[in-house]
Structures are given as structure tokens and as C-alpha cells.
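In what follows, a structure is listed as C-alpha cells, so that the remarks can point back to it.
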Amino acid sequence: MTQLSNVTLPSEPDVDVLKRLVRARQFLEHAKSHAAGGTEFDFMIATHGADNAIEFTLKLIADHVRYEEVSGATLPETELAQIAGVLFRFLRDTHSITLPYFQEIKALRQIRNLVQHGSFTPGADVNRLLTIADRFFSRICESIFGLEAAHLRIASIINDSTIQKHLNDAEDALTQKRWEDCVRSCRNAFEESLFRYRKDSPIASMEIPARLEVGELGMAAERYIVLLSEEMDTLRLKIDSNRLTRFNDIIKHLPTDPQTDPHGYFVLQRPWLKSDAEYCYGFVSDNILRWQSDEFEPLYVPDQPDDHRHDDMIDGVLLADGEIGCIYHELDHEIYLLYAPPPLREALCKLETEKVYAWNSKHYRNEVLESEIRSQVRLRYVRSELVTHDPPRWKVVLDIAREPLTWHRQDFENGNVVKETPTLQTCSKEELEDLYPMDSDAAQRVLDAREKHGMLNSNLLRQIKLTDSQIEWIESFMRI
């Protein structure tokens, strides 16, 4: 017995149904392309394609309206006329919707059967059959799924505008038989999506300091850390490793600009094929859709009454021209992970390791300067790696060590300095005791040494039996 369906029509399909709806449209477009070929063989393939697209669409309708769940009946598996008949009655009884072109659908299956058994060649009449199939599909998209068939693309439900554009470009190229362009757009979409889902991964974040630590052991150890991080994120993101390997084997043959990607590319020793484009599109769209559908809404939006901005500069190069990925703070050094456009990457990579540079950091609250820190830093490490081709984006890692006794902080109110870091030569005992590991006795020893020797430095601090921690804090957060 049929119960009233609680599905309201039209209604947007879920991700799985949408993917298959796009596939049905591809069946139909494939049939049209063969019909344009003009040969008897093309007409035969086009007839099969039109019939296949309609059967595929009918089964999608059944899934979308939950036919078997609501009706308690099983949908016929193969006979198109029976499938169309039960859905015709179901939609009429539960939704007051008429299945369009009902008689024409049954006639199309009869013609397809004649073609399949070699009894009939459709000839130019195939265009009429395709027109019926096209109109049927358009009507179904609107009345059942609330979509326009002309705009039916996976890209249309992607939330991120950059990823959506790349997928749109891939779909355009696939339709226009530009196989290489389709592969390139698929690569761009996958890179952008992978970047967005990996950049906040704790695995990817901890890769950077781990690489710096093991890098002293050699390139093999560092490379192992990179591969391990990538493999763990592949598992976390539920990417099929075999399919990913195949995808990478294809895209490594895309020509690249030496200025953008200095690693070069493999020369493809055959023409680009439709199968290359279809594989890449299927792999990329499957993963992007799954990642998007697996996202959770945040538990809440944190209350941020004030807007804060930090402008960090090294040798006059503003790091805020890129995107700060992460900052790793150690007492004796800091590691900056940046995602930089080409101009910023070029400026940073011109810096020389083991050279001392001026560092400046300004903190703004609601666009008003609150504090400024100036110091001298020694660049211990700088390296860049290409992350995305379009837009060109580089991962840049900076490891800087602050030079001892160069820290100078100023706090502002209404544009005026209201507080600043005391100098080692003029600070009071109380100001010394404000440093975390200092105590009264240690502070007094510093003052006694200053009175005895005049100018203090790191060597003199070590001679008055301060602990290593106390010396590190003085060197890191005071100035001469």
C-alpha cells in the first residue's frame, strides 16, 4: 500500500544523487555528440545513449522520492516501460506530478531494442529521439530536483568560489574536448581544495618543525618526514592512494612554467586522451564533494569585539602580504610558516641565511597602533615550495633566532609611548624581577655587576652565576 511521501517536490538532490544526475546529463551529451557524427553507427550509439540517459534518470527519481521506502514495492530493474509506468503512477498519486513524455519514453525503448538486435537503423530520426530525451531531462530537473538542466554541474554546488571556478573550467573543457585543459583545471581544483583542508591539519602543521629537526640528519630523513606527513593526511582525508597515484601520474605531464615550477615536468609521449580528462574529473570531483559534505558547522562563532592585526617585517619585507599559516614560538627562535604570492616569496628567498636583519612587529587593535617590537634577528633557515599553480601560492618557511639583548617593545596610547622595555644598563631591580625566572637575589647580582663593571653583556651575565634560563630571558626580552 502506498503511503503519502514526505518528500516535497521539487527539492534539491543530495550529493550522491546530484553526482549521478550529472552523469545522466553526460550520457545525454555523449549521445548528442555521436548524433552529430552523421554515420549509421553514430546514430545507433546515439539511440542507445538517449535510452540509457532516460533509464538512469528514472532510477534517480526513484531514489530521490524514496519510492521503495514509501510504496513498499520494489522498482523493476531493467524494463524501461515498467519503471516509467510505476513512477508515473507514484508521482501522480503522491505528488500530483505527471511524468513527462511517458508514451515517447516507451517508444524510445522499443526503437532501442530494434537497433540492439540489428533489425532497425534509426537514421536521421535519431535527432527527434534526442530532442525528446533532452526535453524529458530538462522537465525532470525542474519539476523533481528544482534545477536547470543547462546549469547542472557538480561545480554549481561547490561552496568555495576558487574551487568552483576550476571545476567549471574543467567541465567546459570536457564538453569542448580540450582534454589537456580539463586535466589542468582538475589539478588546479584539487590543489586548491587540498590546500584548504591540509593547512589546518595538525599533521601538516607539525611537519615543519619536525623537518627542521631531522634536516640536520640529511635530505633522506627530511624527505621521509614529508612523505609520512602526506601519507597520513591522505588517510585522514580518505583519499584512495591507488587512485591518487594514477592522478599524479597524469598531471605530472602537464607543461609548467619554469618561473612558477622549477622542477619541470614529464613529456607526454602520446596525445592527451579523453580518458585522461574523464579520470581526473571523476577523481577530483568525487573527493571535493566528499570533503565538502563531511564538513561540520562550527560549534559557535567566537565573540571578537575587536579587530586585531599584526604587521611583521624582516628587512623591510612585510609578511602580511601573504597568509600566515602558523608560528612556532621557542625561547631562542621562532619558525614562521607563510603562504606567499610570488612577489613575497621572491623577496623572502633573497634573504641570506646566517645573516642578521632588522625585525619589526606592530600590533593594531581596530586599526589603532597598540604596540611595536623592534629587534635584530639571525635568519637560520629559509625555504619555499610550490603549493598551488592557480593562484600561484608558495609555502615559505622562515626560522629566525633573536639576537641577544636587542628586544625593544613600546606600548602606545593615543599615539604616545606609555611604556617600553627597560635597558639592561638602566633597569631597576623591580623591572628585572618582572622577568619570569628572575628572583630577588638574581636581580640584585645583576645590579651589583652593573655597578662594578659599568656596561653589561652576555658574558658578564654568565660570570655572576645566573641560571641558563634567567640569562635566556634577559637576552630575549631586554636590550642593552
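Read the figures in this text as sums done on the coordinates, not as results from a lab. Keep in mind the model is a prediction, meaning the values are calculated, not measured. A quick note on method: Cβ atoms are made from the backbone with ideal geometry, for glycine too, and the neighbour counts reach across all protein chains shown.
For the chain, adding -39500 (n - 2.57) for each run of n ≥ 4 DSSP H residues and dividing by the number of residues yields -16000 deg cm²/dmol at 222 nm.
Of the listed values [x] 159; [y] 209; [z] 141, grab the one calculated as volume of the Cα convex hull per residue in Å³ from the structure here. Here the calculated entry is [y]. Each part reduced to its alpha carbon centroid, segment 269-312 and segment 421-441 end up 50 Å apart.
Model label points for Arg223 and Arg196, set 7 angstrom from Cα along the Cα-to-Cβ axis, are 3.3 nm apart. Farthest towards the positive end of the charge dipole of segment 422-477, among the residues Gly454, Thr423, Gln444, is the Cα of Gly454, using unit charges on the Cβ of Lys, Arg, Asp and Glu.
Please give the contour-minus-distance gain from Tyr265 to Arg23: 0.36 nm per residue of separation, less the Cα-Cα distance, rounded to one decimal in nm.
On the way: separation 242, 0.36 × 242 = 87.12 nm, distance 3.18 nm.
That works out to 83.9 nm of additional length.
Peptide packing: for 422-430, 280-288, the average count of neighbouring Cβ atoms within 10 Å per residue gives the ranking 280-288, 422-430, highest mean first.
Run the numbers for Ile324 and Lys274: contour at 0.36 nm per residue of separation, minus the present Cα-Cα distance, in nm.
Details: separation 50, 0.36 × 50 = 18.00 nm, distance 3.95 nm.
Length gained, Ile324 through Lys274: 14.1 nm.
On the basis of the beta-carbon distance and an R0 of 41 Å, Val214 and Asp448 show a calculated FRET efficiency of 0.40. Relative to one another, the C-alpha centroids of segment 185-234 and segment 316-370 are positioned 21 Å apart. For the chain, relative contact order (Cα pairs under 8 Å, six or more residues apart, normalised by length) works out to 9 percent.
Extending 7 Å from the Cα toward the beta-carbon at both Lys429 and Thr353 defines two label points whose distance is 4.7 nm. In terms of packing, defined here as the mean over residues of other Cβ atoms within 10 angstrom, the peptides 295-308, 245-258, 385-398 line up highest first as 385-398, 245-258, 295-308.
What is segment 86-178 by shape, rounded, prolate or oblate, if you read a ≥ b ≥ c off the alpha carbon gyration tensor as root eigenvalues and call it rounded for a/c under 1.5, prolate for a/b larger than b/c, and oblate otherwise? Oblate, since a/c reaches 1.5 and b/c is not below a/b. Computed from the C-beta positions of Ile203 and Ala36, the FRET efficiency with R₀ = 45 Å rounds to 0.35. The label point for Glu148 and the one for Arg236, both projected 7 Å from the Cα toward the Cβ, are 4.0 nm apart. Cross-link pairs exceeding 32 Å in C-alpha to C-alpha distance, out of Lys177/Lys395; Lys32/Lys238; Lys355/Lys429; Lys419/Lys465; Lys165/Lys238, comprise Lys177/Lys395; Lys32/Lys238; Lys355/Lys429. Eigen-decomposition of the gyration tensor built on the alpha-carbon atoms of segment 303-392 gives equivalent ellipsoid semi-axes of 23, 19, 12 angstrom, largest listed first.
Can you list which of the chymotrypsin sites (Phe, Trp or Tyr not before Pro) found in segment 97-158 are DSSP loop residues with at most 16 other C-beta atoms within 10 Å? The partial results should precede the final answer.
Numbers: sites: Tyr101, Phe102, Phe120, Phe136, Phe137, Phe145; in loops: Tyr101, Phe120, Phe145.
Filter output for segment 97-158: Phe120.
A Förster distance of 56 Å, applied to the separation of the beta-carbon atoms of Asp441 and Asp311, puts the FRET efficiency at 0.90. Reported to the nearest whole Å, the Cα centre-to-centre distance from segment 241-260 to segment 48-92 is 41.
For segment 187-210, backbone nitrogen atoms closer than 20 Å to the point 7 Å from Asp294 Cα along Cα-to-C-beta are found at 187-207.
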